[in-house]
Amino acid sequence: MQGQNQQQAYDRGITIFSPDGRLYQVEYAREAVKRGTASIGIRTKDGVVLAVDKRIRSPLMERSSVEKIHKADDHIGIASAGHVADARQLIDFARRQAQVNQLRYGEPVGVETLTKEITDYIQQYTQVGGARPFGVALIIAGIADGEPRLYETDPSGTPYEWKALAVGADRGDIRDYLEAHYDEEMDLDAGVDLALAALASVNDNELSPEGIGIAVIDTETEMFRELSDEEKADHLAEADLLADESEDEDEDEDQPEDEE
């Protein structure tokens with residue numbers, strides 16, 4: 001009983017390490033990320049791809065209001081998984097930092113620089129009493145000096161650079177798929193196809209254009225661009241992943257309203 005009471009004390013205090021060196025609130029924040037719908041990032045030789053599962057809970061909901069891919073700057077896009085409200089706070093912070101860098105130095109912010117500024121901000125919330133960690137993980141993709149870059153932020157405030165990654169629900173299964181099929185020499189279209197196939201692998205091998213989001217940033221233009229429903233439908237049809245329009249999308253009733 002005494003051991004349980006001690007563990008509960010560590011649970012309540014974000015600034016208190018447990019005897020085995022763990023911060024329980026940070027670990028719980030990671031669990032919140034796992035409850036969010038999946039987001040994928042893929043780096044190719046021609047640019048970067050962001051793909052997200054935009055699960056719609058009701059046909060009455062406006063699809064455009066479900067935002068999981070965001071433009072942070074002309075050359076940087078961010079996808080999220082976890083608590084939507086937490087993601088919005090970090091996206092707003094990222095946009096402010098991008099503008100500050102442009103005004104202060106007269107040049108676009110670097111992808112790595114912006115990622116570390118975001119993770120420094122996240123880390124502060126792991127060592128301040130009276131606050132909780134951000135229950136969200138971000139995939140930050142962009143072009144720096146003509147080279148595609150892809151990063152992940154963790155609720156602990158640690159940045160990781162990846163060639164391809166997934167965050168959110170089914171992360172392990174999607175990562176296994178990416179590890180088996182990723183090719184560093186693939187072009188941007190092949191990266192889009194791989195991202196869609198990875199999402200479909202945990203969705204009965206079929207997707208609808210309205211239920212997903214895709215954004216690309218190519219090394220030639222260095223401009224963030226979201227694909228239209230028609231473009232997504234073309235990619236899905238070519239890969240034989242297009243869901244039957246007569247079938248209603250399955251809704252996850254157990255998923256809390258503030259998580260995506």
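Here are some notes:
- Along the stretch 166-174 the Karplus relation, 6.51 cos²θ - 1.76 cosθ + 1.60 evaluated at θ = phi - 60°, assigns HN-Hα couplings of 9, 10, x, 4, 6, 4, x, 5, 5 Hz to successive residues, with x for each Gly and Pro.
- Here's how it looks for residue 131: its modeled amide H is under 5 Å from none belonging to a residue 5 or more places away or on a different chain.
- Convex hull of Cα atoms in the stretch 52-161, direction-averaged projection (nm²): 8.0
- Accessible area in square angstrom per residue, the chain, 1.4 angstrom probe: 51
- Using the Cβ-Cβ distance between residue 63 and residue 145 with R0 = 22 Å, the FRET efficiency computed as 1/(1 + (r/R0)^6) comes to roughly 0.05.
- Where the Cα pairs of the stretch 147-254 fall when distances are cut into 5 Å bins, in %: 2, 10, 19, 22, 21, 15, 7, 3, 0
- Note on the chain: semi-axes of the ellipsoid equivalent to its C-alpha gyration tensor, largest first and rounded to whole Å, are 31, 24, 16.
- Computed over the stretch 114-165: relative contact order in percent, which uses C-alpha pairs under 8 Å that are six or more apart: 37
- Each Cα pair under 8 Å and six or more residues apart adds its sequence gap; the mean of these over the residue count of the stretch 174-245 is a relative contact order of 32 percent.
- In degrees, nearest ten, helix 24-34 long axis to first principal axis of the chain (Cα): 20
- Length gained on full extension, residue 206 to residue 221, computed as 0.36 nm times the residue gap minus the Cα-Cα distance: 2.3 nm.
- Taking Cα centre as origin and charging only the Cβ of basic (Lys, Arg, +1) and acidic (Asp, Glu, -1) residues, the dipole magnitude of the stretch 100-240 rounds to 1120 debye.
- Ordering 54, 34 by accessible surface, largest first, gives 34, 54; the 1.4 Å probe counts only protein heavy atoms, with every chain in place.
- The stretch 159-204 shape via C-alpha gyration tensor axes, a/c threshold 1.5: oblate
- Relative contact order of the chain, defined on C-alpha pairs under 8 angstrom at six or more residues apart (%): 28
- Dmax and Rg, reported as Rg then Dmax, of the stretch 170-232 (C-alpha, Å): 12.4, 35
- Estimated [θ] at 222 nm from DSSP helical runs (n ≥ 4, -39500 (n - 2.57)) normalised by residues in the chain, nearest 500: -11000 deg cm²/dmol
- In sequence order, the stretch 192-204 has phi-based couplings of 4, 4, 5, 4, 5, 5, 5, 5, 5, 4, 10, 10, 6 Hz under the Karplus curve 6.51 cos²θ - 1.76 cosθ + 1.60, θ = phi - 60°, and Gly or Pro positions carry x.
- Here residue 163 is the anchor, and the lysines within straight C-alpha reach of less than 17 Å, apart from those fewer than 8 places off in the same chain, are 45.
- Rolling a 1.4 angstrom probe over the stretch 1-137 with all protein chains present gives an accessible area of which 46% lies on carbon and sulfur atoms.
The values are calculated or read from the model by the stated rules, or taken from the named source; none is laboratory data. Just so it is clear, the model here is predicted, and its values are computed rather than measured. Glycine gets a Cβ as well: all are built from the backbone with ideal geometry, and neighbour counts include every protein chain shown. Just the protein is used for accessible areas: all its heavy atoms, side chains included, with ligands, DNA and RNA removed. Shrake-Rupley method; radii C 1.70, N 1.55, O 1.52, S 1.80 Å.
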